[in-house]
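Asks: Before I ask anything, let me first share the structure, which is written out below as structure tokens.
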Amino acid sequence: MARPTNRQSRSVGNLGDVLKHAALIALAERLAHTRVRYVDTHTFLLHAPLADLERWNADVERLVSEHPAYARYIAAERASLARTSHYRCSSGLVLDVLGHQRSTLVLGEANVVTRAELKEQIREERLVGVHVVDEAVAALEYRWRDTGPLLVHIDPFALSPELWRSLAPALDALCESSTDVAIVVYRYTRNARSPWPVAPRGTHGPVAQTRGGPHELAAYASPRMTSAVQEACASLGWRIEH
């Protein structure tokens, strides 16, 4: 029997990935004045085959010509492609960028086949302090033993009001656990712009947002991190919200 395929495999490295992964790198670097906690609610994998190399090259060349800050992301991905022939996904990039400045990582993945592959990748990379759970709310409700800056990535394919309501209580509690919080939220929509969800407790926002085709992203931040998050996003061409 053929192994089931996660539909995300067909879009690895698309424009949405480029936008959110460049932002995650920039924000992780700004948070890493001490050890950083990271939560990914819809993780997928640490690395995966790039879906369309030609399209990826065209997207990143256009973006870096307009915003040189994309060079940091491009260098990280080209290094991964040269080393493994695979694209480095969200959590893999955060692991690489934070290095010794990372604290615990909590990765939610609902697809049972993908979750098993993710766990195998973690074993292959001999990673410690990386916990995989079976869905988004469980990732947000993880019982932390450590404190410190917090980076949260909320990355469903479709961000419905119902989904946000299901995440909100745990997200509120989590964001109140740190004075240094940055959140990246992604949604896919072909509709006109619509309001983003209300900011989690302890944060403001969106403090910045961007759109590339159907790919929309917003950033939220705690008061102490707002300027740093806005600077990082502005360097990548995001619109700053005041």
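The values are calculated or read from the model by the stated rules, or taken from the named source; none is laboratory data. Nothing here was measured: the structure is a model prediction, and the numbers come from that model. A quick note on method: Cβ atoms are made from the backbone with ideal geometry, for glycine too, and the neighbour counts reach across all protein chains shown. Please note that ligands, DNA and RNA were not included when accessible areas were found on the heavy atoms of the full protein model with its side chains. Shrake-Rupley method; radii C 1.70, N 1.55, O 1.52, S 1.80 Å.
Asks: So what is the accessible area of the chain per residue, in Å², with the probe set to 1.4 Å? Mind dumping the intermediate values first?
Replies: Details: 11210 Å² over 242 residues.
Normalised by residue count, the accessible surface of the chain is 46 Å².
Asks: Please list, in chain and number order, the residues 5+ apart from residue 208 or on another chain whose amide H is under 5 Å from its amide H, with Hs placed from the backbone.
Replies: Amide H neighbours of residue 208, under 5 Å, 5+ apart: 219, 241.
Asks: Can you work out ³J(HN,Hα) from phi for every residue in the stretch 38-51, in order, using Karplus 6.51 cos²θ - 1.76 cosθ + 1.60 and θ = phi - 60°, giving whole Hz and x for Gly and Pro?
Replies: 9, 10, 10, 7, 9, 6, 6, 9, 6, 7, 7, x, 5, 6
Asks: Considering amide H positions built from the backbone, and no H for Pro or chain starts, which residues 5 or more places from residue 102, or on another chain, come under 5 Å of its amide H?
Replies: The list, which skips near neighbours in sequence, is 36.
Asks: Given a 1.4 Å probe and the protein chains all in place, what does the accessible area of residue 124 round to, in Å² to the nearest 10?
Replies: About 120 Å², rounded to the nearest 10.
Asks: Something else now. Going highest first, how would you order 188-196, 152-160, 228-236 by mean Cβ packing within 10 Å? List each step's numbers first, then the result.
Replies: Working: 188-196: 9.8, 152-160: 18.6, 228-236: 21.0.
For the peptides 188-196, 152-160, 228-236, the packing ranking is 228-236, 152-160, 188-196.
Asks: Please report the relative contact order for the stretch 7-240, taking Cα pairs under 8 Å with a sequence separation of at least 6, and give it as a percent rounded to a whole number.
Replies: Contact order relative to length: 24 percent.
Asks: Then there is this: Could you order 179, 41, 226 by accessible surface area, starting with the largest, using a probe radius of 1.4 Å?
Replies: 179, 226, 41
Asks: Let me ask another. Given the rule -39500 (n - 2.57) for each run of at least 4 DSSP H residues, summed and divided by the residues of the chain, what is its mean residue ellipticity at 222 nm, to the nearest 500 deg cm²/dmol?
Replies: -12500 deg cm²/dmol
Asks: Using θ = phi - 60° and the Karplus relation 6.51 cos²θ - 1.76 cosθ + 1.60, list the HN-Hα couplings for the stretch 180-192 in order, rounded to whole Hz, with x at every Gly or Pro.
Replies: Per residue, the Karplus-derived 3J(HN,Hα) values read 10, 10, 10, 10, 10, 10, 10, 8, 10, 7, 9, 7, 5 Hz.
Asks: While we're here: Work out from phi, with θ = phi - 60° and the Karplus expression 6.51 cos²θ - 1.76 cosθ + 1.60, the ³J(HN,Hα) of each residue of the stretch 74-80, listed in order in whole Hz, and give x for Gly and Pro.
Replies: With coefficients 6.51, -1.76 and 1.60, one gets 4, 4, 5, 6, 5, 5, 5 Hz.
Asks: Here's something else I'd like to know. Rank these residues by their accessible area, most exposed first, probe 1.4 Å: 97, 12.
Replies: My answer, sorted largest first, is 97, 12.
Asks: Whenever you get a sec, compute what percent of the accessible area on the chain sits on carbon and sulfur atoms (1.4 Å probe).
Replies: Working: 5800 of 11210 Å².
Within the chain, the accessible surface is 52 percent carbon and sulfur.
Asks: For residue 131, which sequence-distant residues (separation of 5 or more, or a different chain) have an amide H within less than 5 Å of its own amide H, given hydrogens modelled in the peptide plane?
Replies: Close amide H contacts, sequence-distant or interchain: 105, 106, 107.
Asks: Rounded to two decimals, what is the ratio between the C-alpha radius of gyration of the chain and 2.2 N^0.38 Å?
Replies: The chain yields a ratio of 0.93.
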